[in-house]
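For reference, the structure is listed below as structure tokens.
The values are calculated or read from the model by the stated rules, or taken from the named source; none is laboratory data. On a predicted model such as this, the values are computed, not experimentally measured, just so you know. Glycine gets a Cβ as well: all are built from the backbone with ideal geometry, and neighbour counts include every protein chain shown.
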Amino acid sequence: MMKLTLAFVLLATAAMAQFSYPTTRKVEHTDDYHGTKVADPYRWLEDDRSAETMAWVKAQNEVSFGYLNKIAFKGKIFEDLKKAYNYPKYSAPSKKGEYFYFYKNDGLQNQSVLYRQKGLDGTPEMIIDPNKLSTDGTTRLTLFRLSKKGDYAVLGFSKGGSDWQEYQIMDMKTLQMMPDKIEWVKVSGASWQGDGFYYSRYPKPEGSALAAKNENHQVFYHKLGTSQSADELVFEDKSNPQRFNGVYVSEDEQFSFLNISDRGKGKDGNALFYRARGQKVFTPIVGDITNFSYSIVENVEGGFLVETNENAPNSKLMFFDTKAKTWRVVLAEKPEPLEGVSSAGGKLFVQYSKDVTTRVYVYDMKGTLENEVNLPGLGSAGGFGGEKEDKFVFYTFTSFNYPPTIFRYDIATKQSSVFRNPEVSFKPTDYETKQVFYTSKDGTKIPMFLTYKKGLKLDGTNPTILYGYGGFNISLTASFSPTRIPFLDQGGVYAQANLRGGSEYGEKWHEQGMKLKKQNVFDDFIAAAEFLIKEKYTSSARLALQGGSNGGLLVGAVVNQRPELCKVAFPAVGVMDMLRFQKFTIGWNWIADYGSSDNAEEFKALYAYSPLHNIKTGVNYPATLVTTADHDDRVVPAHSFKYTATLQEKAATATNNPLMIRVDVNSGHGASNTQKALEQTADIYAFMFQNMGLSWR
């Protein structure tokens, strides 16, 4: 029987079904959750290292790529995507000493290259080209942190899309790597103090490095020129192994701050401590972990500026007096969510979100408003960081039909000027974006962005992608994607719904999509689809639902609840097994948002919508292309494996649409390089158009 399961075996299907899939062996396995027996017949697919799992993946890919590669216009799509993507892309510069540092991608490079130049008019000098670090271009530069004087830098590298990082040190005078090497880094930055830096890591995992649970997050201090084994253990808490611990340092290096969060116990906030340079013991700013968050913005005379949502769902800026241990308000909570505060040139740059678009204001260090930064329009802006002596800062502005443009803001004159325009080959003015507000099931008004080519006819025939996320206090902002342009040129509509569970309207908006209220997120997404159909932007026959990670869960849950709503579904790297997500890597971190099957009440809510456990037998499901990757160690691919096996088992005989999974190699929670990203996007568009009965013009 083993030979039978490892080989490519076709299921006998009813006459209605047009597709055949590899068999997936079932086992007798049942778990008891608070008296409810739940079968898990595909538990063996959780073992990412087994030969049988690898053979299953190979067989599934043979089916999926065999189907995709036969779509006549897929090659044309890929060429159109390459053409749209092929233009130089820059990051905003950052200044350290006499140098400006920036990333550049010439167009189709798999990884962006890091450069520096003396002054804004200097000749760029390459620091490191990650494209030369692997044969397939999947090794990424994940971190670049300069020491205070800029004479050394920490560089982080990730291989094959994994979240695991390896740190190395570069001598910035010679641009040569030093012998220092630090392994098993995850959920970490690097923060310099003196001749070394703080970082966080886990012990080397036992078992699968890509699936084993990550526990006991430790903070170390690494001194230049020493081995990792000599690093000083700064902080760990073995009694609370499912916590994130990190230390970061003030710009002047006079203070270090210890941040501790405990999302594994369902708490959404953090504790925060500080110590002056030379001290060994951390003093609490906030000693207990609750559902309130705190982050240091700047150290000022007598204390610290702290951004927090304590008793302020839209967040505020406070001053903590280190001597008196008292708090006072610097920037009070506003009706609009406070998105972030940064400091540069002795000023505070404060970003607010109004109906999911950015507003930026400049304040002095005491909280007095000086002016608003005039942005080019309604969209998203980011940057504004720098050091105390800086005379200007950079920021990037973008929207759905506005390619990322880098601006320079002069602090003294309060004026912005374009620093670098994108060299795109199409006309952004050919496309338009508008924001609509629709009504969800419980009467809540939900915002949604719609982007399409000018002159679009509302006749219900437009191929439409509805994208959503709705979780983890993350806002889906207006952003530009060059690979979206060829789709819009085909008459497509891109719709992005700002569902509850995100941060679009502050913590209250987040809370309405958490734990026992998660169904609100699915209702919001369903209502978005119904709006698009009612207003004749599209029809069920021309609608595709798309989301990744928590958004993959969203698509899986909605398709189970309303399989007739769309023609195509793209659940990407989704959290599909809501009863076991906390068993892998850092999945326990999501308990604060989802709840846990270990809790009886939360188990009922999770079981009611878990995509894996609510697939219906005998129902005509939409054409479904599940996407995941072999190096996804954030949402392990077992979620997608088990979901696909169950979908094929229960729905194949009643569905005249393909139910397939595409498993990328040497890729992770997102595409690990440009080539893989373009290939996957081409497959998604081809799958969508093929199953909607359309061709790519």
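Observations
- Qualifying residue in the range 635-647 (condition: aromatic (Phe, Trp, Tyr), buried (at least 24 other Cβ atoms within 10 Å of the Cβ) and not in a strand (DSSP E or B)): yes
- Of the strands (runs of 3 or more DSSP E) that lie entirely inside the range 317-375, those containing 2 or more residues that are farther than 21 Å from Gly303 by Cβ, touching a Ser or Thr at 6+ places or on another chain (Cβ under 8 Å) and not acidic (Asp, Glu) span 347-354, 357-364.
- Count - residues of the range 93-124 that are out of contact with any strand residue (DSSP E or B) (no Cβ under 9 Å at 6 or more places or on another chain) and more than 30 Å from Glu79 (Cβ to Cβ): 1
- If the condition is being surrounded by fewer than 23 Cβ atoms within 10 Å (Cβ to Cβ) and either under 24 Å from the mean Cα position of the chain (by Cα) or in a helix (DSSP H, G or I) (or both), then the range 652-662 contributes Ala652, Thr653, Ala654.
- Criterion violated by Asp524 - all others in (1) surrounded by fewer than 21 Cβ atoms within 10 Å (Cβ to Cβ); (2) among the charged types (D, E, K, R); (3) within 21 Å of Asn614 (Cβ to Cβ) satisfied: (1)
- Any hit, the range 642-656, residues being assigned by TED's automatic domain parsing to the domain that holds Val27, in contact with a helix residue (DSSP H, G or I) (Cβ under 6 Å, 6 or more places away or on another chain), in contact (Cβ under 8 Å) with a residue 60 or more places away in the chain and of a type outside the set (Ser, Thr, Tyr): yes
- Some residue of the range 403-411 being part of a loop (DSSP other than H, G, I, E, B) and out of contact with any helix residue (DSSP H, G or I) (no Cβ under 8 Å at 6 or more places or on another chain): yes
- Asn61 vs. criteria more than 24 Å from Ser20 (Cα to Cα), touching a strand residue (DSSP E or B) at 6+ places or on another chain (Cβ under 9 Å) and in a helix (DSSP H, G or I): no
- Of residues in the range 15-64 being modelled with pLDDT under 95 and surrounded by 13 or more Cβ atoms within 10 Å (Cβ to Cβ), the one farthest from Asn666 (Cα to Cα): Ala17
- Test: Lys118 is touching an Asp or Glu at 6+ places or on another chain (Cβ under 6 Å) and under 26 Å from Gly194 (Cα atoms): yes
- Counting only strands (runs of 3 or more DSSP E) that fall entirely inside the range 424-511 and contain at least 2 residues that are closer than 30 Å to Gly693 by Cα, over 20 Å from the mean Cα position of the chain (by Cα) and modelled with pLDDT of 95 or more, the qualifying elements are 431-439, 445-453.
- Note on the range 251-290: residues that are farther than 26 Å from Pro313 by Cβ, part of a strand (DSSP E or B) and within 28 Å of the chain's Cα centre (by Cα) amount to 1.
- Odd one out for Glu530, checked against (1) under 24 Å from Asp593 (Cβ atoms); (2) surrounded by fewer than 23 Cβ atoms within 10 Å (Cβ to Cβ): (1)
- Unique residue being of a type outside the set (Phe, Trp, Tyr), surrounded by fewer than 18 Cβ atoms within 10 Å (Cβ to Cβ), farther than 24 Å from Glu333 by Cβ and free of Cβ contacts under 8 Å to residues at least 60 places away in the same chain when the list is Lys366, Lys391, Lys354: Lys391
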